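For reference, the structure discussed in these notes is given below.
The values are calculated or read from the model by the stated rules, or taken from the named source; none is laboratory data. Just so we're clear, the structure is a prediction, and the values are computed from it rather than from any experiment. Backbone-built Cβ (ideal geometry, glycine too); neighbour counts: all protein chains shown. The area values use the complete protein model at the heavy-atom level, side chains included, leaving out ligands, DNA and RNA. Shrake-Rupley method; radii C 1.70, N 1.55, O 1.52, S 1.80 Å.
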Amino acid sequence: QVQLVESGGGLVQPGGSLRLSCAASGSIFGVYNMGWYRQAPGKQRELVAVITSGGTTKYADSVKLRFTISRDNAKKMAYLQMNSLKPEDTAVYYCNAERRDLDIDYWGQGTQVTVSS
């Protein structure tokens, strides 16, 4: 079992930066793939970035070269560093933990990111 809590969202101007954090508890963190998703009003939830248990990272084309996903297994934390933010990045961002071998997913409550002048 994994419980996830996101933090770090807020209001930022275009071109600014935010760092989102995801704190995990309740299970062995290192065996899970960790991902960040986002959902804007009226749109489907989309994958932003993923980092596997082995450390491999993948990004949506829309955020490549701007966002960086990372993890600290000792602290049971995952992060999303967001730079050069655009208004279209505005969404609720969700942390996800996945154990592929057991087909198990866990989700955080989400944190709001608003990019506006």
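Name the residues in the range 1-16 that are open to solvent by less than 80 Å² (accessible area, probe 1.4 Å) and part of a loop (DSSP other than H, G, I, E, B), would you? So that I can check it myself, show each step before the final result.
Quick first cut of the range 1-16, residues open to solvent by less than 80 Å² (accessible area, probe 1.4 Å) only: 2, 4, 6-10, 12, 14-16.
Across the range 1-16, the qualifying residues are V2, G8, G9, P14, G15, G16.
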(request) For the range 84-117, enumerate the residues that are exposed (fewer than 15 other Cβ atoms within 10 Å of the Cβ) and assigned to a helix (DSSP H, G or I). (result) P87, E88, R100, D101, L102
(request) Mind listing whichever residues of the range 21-49 are assigned to a strand (DSSP E or B), without any contact (Cβ under 8 Å) to a residue 40 or more places away in the chain, open to solvent by 30 Å² or more (accessible area, probe 1.4 Å) and of a type in the set (A, V, I, L, M, F, W, C)? (result) L47
(request) Say whether the condition of being at positive phi, assigned to a loop (DSSP other than H, G, I, E, B) and open to solvent by less than 70 Å² (accessible area, probe 1.4 Å) is met by at least one residue in the range 69-81. (result) no
(request) Please work out which residue is most open to solvent (accessible area, probe 1.4 Å), limiting yourself to the range 54-67 and to residues that are touching a residue at least 12 places away in the same chain (Cβ under 8 Å) and closer than 13 Å to Y37 by Cα. (result) S62
